[in-house]
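Novice: Can you keep this structure in mind? I'll have questions shortly.
The values are calculated or read from the model by the stated rules, or taken from the named source; none is laboratory data. Keep in mind that what you see is a predicted model, and the values were worked out from it rather than measured. As a convention, Cβ positions derive from the backbone with ideal geometry for all residues, glycine included, and neighbour counts pool all protein chains shown.
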Amino acid sequence: MLTYNLNERGTLTLYEYLYKCIKDDIVSGKIKTDEKLPSKRNMAKNHDISVITVENAYAQLLVEGYIRAVEKKGYFANEITNQISENQEVTENVSEYKINKPEKVKWIVDFNSNHVRYDSFPFATWSKIMRQKLLDEENSFLMTPSRNGIWELRSAIAKHLREFRGLTVLANQIIVGAGTEYLYGLIVQLLGRDSVIATENPGYRKISMVYESNGVRTIHLPMDNQGISIDELEKSDANIVHISPNHHFPTGKVMPAARRHQLLEWANMGERYIIEDDYDSEFRFSGKPIPTMASIDKNQKVIYMNTFSKTLAPSIRIAYMVLPFELMDKYTKKLDFYSSTVSSFEQYTLAEFIKGGYYERHINRMRNYYKDSRNKIITAIRNSSIYPQISIEEENSGLHFILRIKKNIDDENFKKYLKDKLINISCLTDYCYQYDDEVINEKFRKEFSHKFIINYSEVEESKMVEALKIIEQALKFTAEKDT
């Protein structure tokens, strides 16, 4: 007769503890496969408990498959020892590879971070809208959202693009998704994996990585002073080009009108498309906003993309793309089965945030905030002892600029010295792809070496003085090491 000390059950109920004891004995093999368990009445009598307690324990064992009931014969243990031992082996193997969570480096200044200042997020307004939407749209949150994004958000985005980017589009041309990476994948499926996508070199590596992971070949075309090389593009077999004409990362260049029209002419010569990534364009600090390529596209060749992660917060994974009419029709026929990847709650909140004028005010406030922050950081650099040795480039838009070292230094040694002193920084060559032609590689090195990226959106001005002293030390150290 199975006997257990029920006084050792701790906080478990009687039936939970009895269930656990029997299960453990089956798993360990103490109760053999096909061995009959005591009847409910005998088990209850042996432990001085009620029959219903035993019945509940047996019922749980039945549901989980540890025992089986045979009519008029009773309960029998199932054969599960091998399965459990395999699971235990897997657990043991997994435990061998447990990795402690790495400690986050506490940088004095992180020039690689492009996060927004968290104290700048409009928490009060955002939470107010969320609470109101919970009341107004409570039933809508429980329904499956529209595949391409809720109509309210797409309408708000269309209105925003018309008023602030000079781009006239219809709401039904807009597809909302959880981040640009997801939308890149949709573009690949829409235009075909036999496409060849040209990207900018130097450029944001993640773009090519996402396309290539979706099975598309990418080529990296060099940039000149006006942007991606039109000559190299025409010589290539690319049918799609992905560009950031309004503020390129990492060079910070703005593509002039002449090059934009050249690219549109290239796209018009067949089944070709331009993906215009308008990321970071909201923060322009001098002159008028740069018109989008999509706004001057007369032949529906530009796929416009943007995201709210830079202007609001990276955790708000809401991006969108505007498809030309022909591609939108193709998308509806080919990919309309995809469900929305953004929760209705976030979509309704953002839609109201835009429609209520809060987004416009937030952008204006953040533009002034970042302009002031940029000015203070640049002033600190100009007032420092390193200023005669450096120059500042492409500082009038976006949330980064280029710090060019005038003297000949080893960029890797310079970065390593700064990293050891808790200053995190990257140079333009970190974003360059290498070519088979060493002559071109050498040209790239000459053009982009000694140029470092200063992302300042999260930099505290109070830390800049200390950072500049360390940069001065790094310049001396690198110069001495190279001599």
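Novice: List every residue pair whose Cβ atoms sit under 6 Å apart, with the two residues 6 or more apart in sequence or on different chains, where the first one lies in the range 6-25 and is within 14 Å of residue 51 (Cα to Cα) and the second, anywhere, is of a type in the set (Ser, Thr, Tyr) and part of a helix (DSSP H, G or I).
Specialist: Close Cβ pairs satisfying both conditions: 14/53; 15/53.
Novice: State the number of residues belonging to the range 301-317 that are part of a loop (DSSP other than H, G, I, E, B) and either of a type outside the set (D, E, K, R) or within 21 Å of residue 150 (Cβ to Cβ) (or both).
Specialist: Count: 9.
Novice: Hey, does the range 260-276 have a residue that's at pLDDT below 95 and closer than 30 Å to residue 122 by Cβ?
Specialist: no
Novice: Could you list all residues from the range 101-117 that are exposed (fewer than 14 other Cβ atoms within 10 Å of the Cβ) and either at pLDDT 85 or above or assigned by TED's automatic domain parsing to the domain that holds residue 309 (or both)? Quick ask: steps written out before the conclusion?
Specialist: Initially, the range 101-117 is screened for residues exposed (fewer than 14 other Cβ atoms within 10 Å of the Cβ), giving 101-106.
Listed by number, the list holds a single entry, 106.
Novice: While we're here: Could you tell me whether the range 420-427 includes any residue that is under 28 Å from the mean Cα position of the chain (by Cα), polar (S, T, N, Q) and not assigned by TED's automatic domain parsing to the domain that holds residue 222?
Specialist: Yes, because at least one residue in the range 420-427 is under 28 Å from the mean Cα position of the chain (by Cα), polar (S, T, N, Q) and not assigned by TED's automatic domain parsing to the domain that holds residue 222.
Novice: If residue 450 passes every condition in (1) touching a residue at least 24 places away in the same chain (Cβ under 8 Å); (2) over 30 Å from residue 198 (Cβ atoms); (3) of a type outside the set (Ser, Thr, Tyr) but one, which one does it miss?
Specialist: Going through (1) touching a residue at least 24 places away in the same chain (Cβ under 8 Å); (2) over 30 Å from residue 198 (Cβ atoms); (3) of a type outside the set (Ser, Thr, Tyr) one by one, residue 450 breaks only (2).
Novice: Whether any residue in the range 251-268 is buried (at least 16 other Cβ atoms within 10 Å of the Cβ), free of Cβ contacts under 8 Å to residues at least 60 places away in the same chain, out of contact with any Gly (no Cβ under 9 Å at 6 or more places or on another chain) and among the polar types (S, T, N, Q) is what I want to check.
Specialist: yes
Novice: Something else: Mind counting the residues in the range 269-296 that are free of Cβ contacts under 8 Å to residues at least 40 places away in the same chain, surrounded by fewer than 21 Cβ atoms within 10 Å (Cβ to Cβ) and in contact with a strand residue (DSSP E or B) (Cβ under 8 Å, 6 or more places away or on another chain)? Even if it seems obvious, please write down each step before you answer.
Specialist: Our first condition is that a residue be free of Cβ contacts under 8 Å to residues at least 40 places away in the same chain; within the range 269-296, this holds for 269-272, 274, 276, 288, 296.
From the residues that got through so far, the ones that are surrounded by fewer than 21 Cβ atoms within 10 Å (Cβ to Cβ) too are 269-272, 288, 296.
Retained after the next criterion (residues that are in contact with a strand residue (DSSP E or B) (Cβ under 8 Å, 6 or more places away or on another chain)): 272.
The qualifying residues number 1.
Novice: Scan the strands (runs of 3 or more DSSP E) fully inside the range 214-292 and keep the ones with 1 or more residues being at negative phi and among the hydroxyl-bearing types (Ser, Thr, Tyr). Can you show your working first?
Specialist: On the way: elements: 217-224, 240-243, 273-277.
Of the strands (runs of 3 or more DSSP E) lying wholly inside the range 214-292, those with at least 1 residues that are at negative phi and among the hydroxyl-bearing types (Ser, Thr, Tyr) span 217-224, 273-277.
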